[in-house]
Structures are given as structure tokens and as C-alpha cells.
Amino acid sequence: MSSILILMFLGVTFIANQVHAVPSEVETVISQMGHAIYGENSIFHLLLLAGTALILLMAANTSYADFPRLAALQAGDGFLPRQLTFRGGRLVFSWGIVALSFFAIILVIIADARTTALIPLYAVGVFLSFTLSQAGMVIHLRRVGKLKPGEVVQGLEAPMHYDPRWRLKMTISAIGAICTGIVMLVFAITKFATGAWFVVIIIPTLVLIFFRIHRHYKDVAKALSWEISAKPDTMKRNVQTLILVDDVHAETVRMVNVAKALSEDWHAVHIGVKPEKTALVQEKWQKRIGEGRLHVIDSPYRLLAEPLREYILSLQARDPECYIHVIMGHLVMDTYWEQALHQNTAVIFNLALAGLERVVVTTVPYQIHHHTDEGGHDMLVGEEEERAATSRPAQ
């Protein structure tokens with residue numbers, strides 16, 4: 001591969017010099033060479049462009065093959081978000097692919113898809129990677145040289161064995177690191193004003209972000225360590241269960257049944273955003289539920305989470321040692337687009353209550369499925385109604 005690369009590079013350089021090909025935004029050097037060799041409107045010229053496009057496509061594919069794996073390794077060591085270590089249903093690191101696609105799109109938009117603006121970014125990044133990898137080999141071979149013949153030491157990723165030719169290999173790697181480092185500096189200085197400044201700034205910034213992420217994970221691990229954690233509490237504490245009620249329907253019955261099954265003190269809470277609806281909800285509660293207490297929290301400014309937080313804090317002020325158990329409903333649809341048509345306020349309440357101590361949130365899903373009636377019409381049926389229909393004996 002090295003011989004082919006050198007031969008093609010020298011050949012392209014020689015031919016481009018002979019045909020006086022000049023890089024431009026209108027036509028690439030490869031296309032100008034194709035015109036000079038094969039003539040206008042030649043099938044071979046089109047094949048040359050198609051082959052070049054396929055090579056570039058394969059080169060881009062290597063990023064999607066290797067960056068998610070590299071990001072997963074870094075995330076496993078705690079220098080990137082842990083989500084990058086998750087494999088999707090196709091056994092690939094899906095979050096890495098999505099992240100690479102997102103940032104690639106942003107970069108293409110910022111550079112206006114101009115190769116003259118993107119090449120300096122690529123060149124500095126590539127030669128920096130070469131320099132770091134070969135400098136890393138120099139450090140690795142120095143450690144190998146300190147071992148005794150036959151000695152094996154476990155490294156971070158693989159065992160290290162003594163190599164009698166470690167000096168020669170270290171010298172080759174050091175020369176390569178120096179050469180690629182010089183090329184990187186030349187690119188960074190000569191192309192600084194045309195786009196290389198972005199890489200010069202972003203790489204130290206990313207390294208700083210990586211170490212901040214690593215520090216965060218170390219702090220979290222220390223906070224969760226068993227040595228500093230408290231022992232399980234043996235004292236029995238009171239539990240007050242709250243049922244969040246927006247309206248009274250089949251889903252409300254499910255939440256009431258769950259609260260009663262817990263055998264704890266419970267009552268329902270309704271955020272009174274609309275006075276006319278509040279009166280209707282109270283009437284429905286007395287008529288359809290007929291038990292328990294429905295407490296109405298007035299919210300004249302149409303806020304949802306803030307009044308609930310204040311109410312929970314007031315309950316905790318009366319009994320500082322108690323736990324507050326919040327039960328909320330969540331409609332579950334068969335398709336994503338149907339799910340998006342609903343408010344999904346459970347997510348809002350979860351985020352609002354997450355910072356409160358001794359507050360536990362339980363989400364009770366109520367599934368609504370598509371059902372075909374006797375006339376062949378598609379209709380939405382609640383879970384309780386569907387269960388009743390399937391258990392009803394055939395006429």
C-alpha cells in the first residue's frame with residue numbers, strides 16, 4: 001500500500017505539472033488531468049471521476065467505522081460520556097455514529113462545503129494523530145527496553161514483552177514522530193489564517209473538556225463509594241402518597257388502584273390551572289371515584305411544576321422525616337407520532353422533582369392500542385376495555 005501510494009503521488013504530481021493543472025473551486029486537479037489525458041466528454045474521464053468519488057466515499061466510511069469504536073474506548077476510560085459505550089440493535093456504537101454525523105454536518109455548514117477550508121483541518125488533525133501515536137510508541141518501547149529478557153508485564157491494554165530490537169524500533173518511531181510533527185507545525189503556521197486556527201483552538205479545548213468529564217466521573221464514583229455511604233436506615237418512616245390528577249378517567253382509576261395496593265396513606269392532587277376545569281374534576285372525582293381526598297392546588301399563573309414542588313415542601317416541613325411518593329400517569333400509544341400528540345407532562349414533573357430529597361416518583365403507564373371492531377373499523381381502545389373485551393365470553 002505504501003508503494004502504491006508513493007507511485008500514485010509521484011505520478012499525479014508529474015502529470016499535473018505537465019498539464020499545468022491548478023487547484024480551483026470550479027474544477028479539481030484530477031478532473032483537469034482527466035480532460036488533458038482522455039479529452040472532453042470521454043467515458044474514461046467520467047470513470048476517473050466516479051472512481052475518485054468511490055475512493056473518497058470509502059475514506060469517509062473509515063471515520064464511521066473507527067471513530068465510534070475510539071469514542072467508546074475513551075468513554076470506557078471516563079473521558080467521554082458513557083452513552084458512547086452503548087451498542088445499538090445492529091451491534092454498532094450508535095451514539096458515536098450519530099455524534100459524528102451531527103458534528104460533520106455542522107462543520108460542512110460552517111465551511112460552506114469548501115474543500116480549501118476543510119483540508120487544513122484534516123491535515124493538522126491527521127499529522128497530529130501520527131505524531132501522538134508514534135510518540136506513544138517511543139514511550140512504550142522505552143518501557144519495553146527496561147524489562148528483562150523473558151519478563152512479562154501487564155500493560156493497560158495488553159501484556160508487554162521484552163524486545164531485543166527495541167532501540168531500533170524506538171529510533172524509527174522517534175524519527176517518524178519528529179517528521180510528522182514538523183509537517184503538522186508547517187500546516188498549522190502556513191494555513192493558520194485559512195482555517196487551521198480552528199483546529200489549533202479546538203484541540204486544546206477538547207482535551208480540557210475530556211479531563212473535566214473524567215474528573216466528573218471520578219467525583220461521582222467517590223460520592224457513590226461504599227466507604228463514605230451511610231448504612232441502610234432501620235427506622236420506619238411515614239410515606240405520603242400523592243396521585244397527580246389532571247382529569248378523571250380510566251387512567252385515574254389505574255393510579256388509584258396502584259396507590260391502594262401500597263397500603264399507605266394517599267390522596268389525590270390537582271393543579272388548578274383552569275377554575276372551570278377544576279370544578280368539573282372535583283365533580284367527576286366524587287361521582288366516579290367516590291373515595292379518598294382530592295386536594296386542589298391553585299395555580300393562577302398556569303404553572304405546573306412549581307406549585308407541586310411548593311406543596312411537597314410544605315408536607316416535608318410538617319414531617320421532615322417522611323417520604324413523599326408521587327404517582328403520575330402516562331399515556332402510551334402504539335406509534336411514535338401518536339405519542340408526540342400528547343403533552344407527556346410526566347417528563348416535566350420528573351425533571352422538576354428530581355432535585356428534591358426523599359421524593360420518589362412512580363410513573364404508571366396506561367396503554368392505548370389499535371383495535372378492529374366487528375365492522376372492520378380501526379379504533380383506539382384502552383387497556384382495561386381491551387382486557388374486558390377479550391375476557392368476555394363469545395355470544
- Message: Can you pull out every residue in the stretch 92-129 that is open to solvent by less than 80 Å² (accessible area, probe 1.4 Å), among the aromatic types (F, W, Y) and either modelled with pLDDT under 85 or outside any helix (DSSP H, G or I) (or both)?
- Response: F93
- Query: If you scan the stretch 1-24, which residues turn out to be touching a helix residue (DSSP H, G or I) at 6+ places or on another chain (Cβ under 7 Å) and more than 19 Å from Y38 (Cβ to Cβ)?
  - Reply: P23
- Please give the number of the condition L147 fails out of (1) among the hydrophobic types (A, V, I, L, M, F, W, C); (2) part of a helix (DSSP H, G or I); (3) open to solvent by less than 30 Å² (accessible area, probe 1.4 Å). (2)
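Condition check ((1) acidic (D, E); (2) surrounded by 15 or more Cβ atoms within 10 Å (Cβ to Cβ)) across all residues:
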position	(1), (2)
R142	no, no
E157	yes, no
W166	no, yes
A174	no, yes
C179	no, no
F192	no, yes
G195	no, yes
T205	no, no
Y217	no, yes
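Restricting to the stretch 13-35, name every residue that is part of a helix (DSSP H, G or I) and open to solvent by 60 Å² or more (accessible area, probe 1.4 Å). It would help to see each step written out before you state the result.
Here is the first cut: in the stretch 13-35, the ones part of a helix (DSSP H, G or I) are 13-18, 29-35.
Those that are part of a helix (DSSP H, G or I) and open to solvent by 60 Å² or more (accessible area, probe 1.4 Å): T13, F14, N17, Q18.
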- For residues that are surrounded by 14 or more Cβ atoms within 10 Å (Cβ to Cβ) and more than 26 Å from the chain's Cα centre (by Cα), scanning just the stretch 357-370, find the one that is nearest to I327 (Cα to Cα). V364
- Message: With on the phi < 0 side of the Ramachandran plot and at pLDDT 90 or above as the only criterion, which of G51, G78, G88 stands out?
- Response: G51
- Task: Check the stretch 261-280 and report whether any residue there is out of contact with any helix residue (DSSP H, G or I) (no Cβ under 7 Å at 6 or more places or on another chain), among the acidic types (D, E) and assigned to a strand (DSSP E or B).
- Result: yes
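Do you know which of the residues in the stretch 274-302 that are aliphatic (A, V, I, L, M) and out of contact with any strand residue (DSSP E or B) (no Cβ under 9 Å at 6 or more places or on another chain) is farthest from Q367 (Cα to Cα)? Please lay out each step first, then the result.
Step one: filter the stretch 274-302 for residues aliphatic (A, V, I, L, M), giving 279-281, 289, 294, 296-297.
Checking which are out of contact with any strand residue (DSSP E or B) (no Cβ under 9 Å at 6 or more places or on another chain) leaves us with 279-280.
Numbers: A279: 27, L280: 25 Å.
The qualifying residue farthest from Q367 (Cα to Cα) is A279.
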- Looking at the stretch 284-331, which of its residues are closer than 12 Å to H267 by Cβ and small (G, A, S)? G292
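Kindly evaluate V152 against the criterion of being of a type in the set (V, I, T), closer than 30 Å to Q367 by Cβ and either open to solvent by 90 Å² or more (accessible area, probe 1.4 Å) or over 36 Å from the mean Cα position of the chain (by Cα) (or both). Let's see the steps before the verdict.
Values: of a type in the set (V, I, T): yes; closer than 30 Å to Q367 by Cβ: no; either open to solvent by 90 Å² or more (accessible area, probe 1.4 Å) or over 36 Å from the mean Cα position of the chain (by Cα) (or both): yes.
Spelling it out, it is not the case that V152 is of a type in the set (V, I, T), closer than 30 Å to Q367 by Cβ and either open to solvent by 90 Å² or more (accessible area, probe 1.4 Å) or over 36 Å from the mean Cα position of the chain (by Cα) (or both).
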- How many residues are farther than 18 Å from A354 by Cα and aliphatic (A, V, I, L, M) when one looks only at the stretch 289-316? 4
- Would you mind stating whether L73 is more than 14 Å from the chain's Cα centre (by Cα), within 30 Å of A221 (Cβ to Cβ) and assigned to a helix (DSSP H, G or I)? yes
- Provide a single number: the residues in the stretch 288-310 that are assigned to a helix (DSSP H, G or I) and without any contact (Cβ under 8 Å) to a residue 24 or more places away in the chain. 1
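When you go through A250, A305 one by one, which is the residue that is open to solvent by 30 Å² or more (accessible area, probe 1.4 Å), of a type in the set (A, V, I, L, M) and within 16 Å of T363 (Cα to Cα)? Give the derivation first.
Numbers: A305 fails: open to solvent by 30 Å² or more (accessible area, probe 1.4 Å).
None of the others qualify; the one that does is A250.
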- Item | Near pairs, Cβ below 8 angstrom, 6+ apart or cross-chain, from the stretch 259-270 (at pLDDT 90 or above) to any residue that is of a type in the set (F, W, Y) and surrounded by 13 or more Cβ atoms within 10 Å (Cβ to Cβ) | A259/W266; K260/W266; A268/W285; V269/Y311
- Message: Against the definition (open to solvent by less than 80 Å² (accessible area, probe 1.4 Å), in contact with a Phe, Trp or Tyr (Cβ under 9 Å, 6 or more places away or on another chain) and over 21 Å from L353 (Cα atoms)), how does A259 come out, yes or no?
- Response: no
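The values are calculated or read from the model by the stated rules, or taken from the named source; none is laboratory data. Note that the structure is predicted; figures quoted are calculated from it, not measured. Reconstructed Cβ throughout: ideal geometry from the backbone, glycine too, with neighbour counts over all protein chains shown. Note: areas computed on protein heavy atoms with side chains; ligands, DNA, RNA excluded. Shrake-Rupley method; radii C 1.70, N 1.55, O 1.52, S 1.80 Å.
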